[in-house]
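Below you'll find the structure, written out as structure tokens, and then a few comments.
Readers should treat all values here as calculations from the given coordinates under stated rules, not as data from a laboratory. This is a predicted model, so every value here is computed, not measured. Here the Cβ positions follow ideal geometry from the backbone for every residue, glycine too, while neighbour counts run over all protein chains shown.
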Amino acid sequence: MELVYLWVEEYKNIKNQGFNFSPRFKCKYEDGKLTIDENKAHVSIFPDNINVTAIVGENGSGKSTLLKMLLNIFAEGYDKPPFDYILVYDDNGSLSCSKNIKFNDINNLIKGYRDFNIYDEGLSNYHDDVVAVYLNNEVQNIFTDKESHSNEQLSKHHIPFLTTRERSLFVLENHMRGKYDFLKYKENFFILNKIIISFNGHDYIPYKSLTNDIEYYDEEGEKHIKDISSKFRDYTFFEKLKELHSLFDFKIKNHLAINTLMDLSSKKSASYFRKYKLDDNFLELIPNKIQDSDTKLPRFEFNIDELDTKLFKFLKLLPEDVFTIELVDVNNTFFSQLSYGERQLLTQLHLILNSISKLDYKTYHPEQRYEDGSIREEYYTKHDIKKVLLFIDEFELGLHPFWQKNVMNYIIGFLKEIEKDFNLVLTSHSPFILSDLPKENVIFLKKDENGNCKNVTKETNIDTFGANIHTLLSHGFFMNGGLMGEFAKEKINDVISTIKKDTLSKDEINTCKNIISIIGEPILKKTLEHKLNEKLNSNESELERLEREKEEIEKKIKKLTGKSNNETN
């Protein structure tokens, strides 16, 4: 499925605006007439299963709003779109339209596209083989796909504040599903090799974690907890797990703050209860490899090939305050040692993989009574996802410029190995990402004088693909105030204003010299030096000026000669 064109009547700051998402078409909606024409000059540079559109522009220009509007149209579980729109898309070579606007005419000028399917309102009920995946960077803390909607046609994830443990479990879940063959080729900065489970705390004893709520037990209970905790060093890894299970079971039964429903409803006691609640079958889930081992080391290692459903469930049950789950790659690099940006990129790719590889996307069919009085029982229809609408809001956040430069190469290489069709729509503030995309794959947004969204793609005269990042910053991201930092600009402007004064104090002269000496732009630095010297020596004679310049030149020659001699020696 390929998004082609979206017209929005009015929603938030977007009013009477059209957006072309496919470089293969030229669309326009005007005076009740929708015109669809072919872009014969289009040249595709992306793999056959991938379409890419980037939305760039000023903050508040409507980038994120545009993504969420598309999501609203496609995702079941959302209310009907609260805005008037026309959405044109290509589905298996057939142009279709979803709308809630009554337009007068369709002028379809493309051969082979005479049939035009029109759907009123949302699309989730019409395309069972499509899933919309939305990733953004809002402050959330969820694991895997807890947040989904009624027929699971939407998979929604928030990225950056997943804990390292949650990110690790996410990666492991994909490996457990056997969805990692192509990841070995594309995620070459972290190819998973083994898993390490270790106890937290000093001297390999999680004493503090196990006794931090000691005041919530009677005297006999305190002694029991301390006795068990103090013996951890002498147990094998499996024995430690058994004692841990018995200790947590004891805590749940004897914790003074959770003996009543009222106490359990309090925030503190409820968190304690969750912390110490283990599955009744916890011991049975412990892999045989651990049970048969006599190791007394504070950690236990698995090869990734040994990961299965039982082991994964076991890892999920391990209390986070007592255990650390660490992933290690083929170069013996720990997942926790990766930079924030690397962990972010790896997690994002696995979130995408997790969303599209789910086996339980389904549509709910409620109970119905037929004309003859018989009843059809409720049931679900499962779907094989073939097409993915991938909406990513500011994919590059947290990434070092090196990774921003490589991120499109990574994600395109990642998606092309998956046997599904992708329509990737992303927002970005990165010139590196913009330089990887042809202009026809970019939507440029600005705010007009009233703060409303304005699509200025046609008026933006810049060829983005392979362009210099300074050019992209100046024109692609509408940096009208230049590329210098505002703090530096203000200081330099102060110097210029000072030099223009009739007379300068000694402090003003020293301040100007100090600021000019640290300017990194050579032409600007030289110009200001010249202007300051002119100011300071405005009353000297021609002979005095020449002697001063001669002295400055001799100093430079002496400095360069000394430098040359040092390099020779």
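Shape index of the stretch 13-90: Rg/Rh, with Rg the Cα radius of gyration and Rh the Kirkwood radius from the inverse mean 1/r over Cα pairs, equals 0.97. Residue-wise HN-Hα couplings along the stretch 327-332, as the Karplus relation 6.51 cos²θ - 1.76 cosθ + 1.60 with θ = phi - 60° gives them from phi, are 9, 10, 9, 5, 9, 6 Hz; Gly and Pro carry x. Over the stretch 414-473, all Cα pairs binned in 5 Å intervals from 0 give whole-percent P(r) values of 4, 15, 21, 22, 16, 12, 6, 3, 1, 0, listed from short to long. When the pairs K99/K458; K68/K458; K525/K556; K26/K446; K194/K223; K526/K559 are compared against a 28 Å limit on Cα-Cα distance, K194/K223 fall above it. Measuring against 18 Å, Cα to Cα, the residue pairs K231/K313; K15/K447; K501/K550 contain K231/K313; K501/K550 as the ones spanning a longer distance. Once backbone amide H atoms are built at 1.01 Å from N, R177 has no partners under 5 Å, excluding neighbours fewer than 5 places away on the same chain. Amide H contacts of Y119: C97, S98, K99, each under 5 Å away and 5 or more positions distant or on a separate chain (H built 1.01 Å from N in the peptide plane; Pro and chain starts excluded). Looking at the stretch 412-467, the trypsin sites (Lys or Arg not before Pro) that sit in a DSSP loop and have at most 12 other Cβ atoms within 10 Å of their own Cβ are K458.
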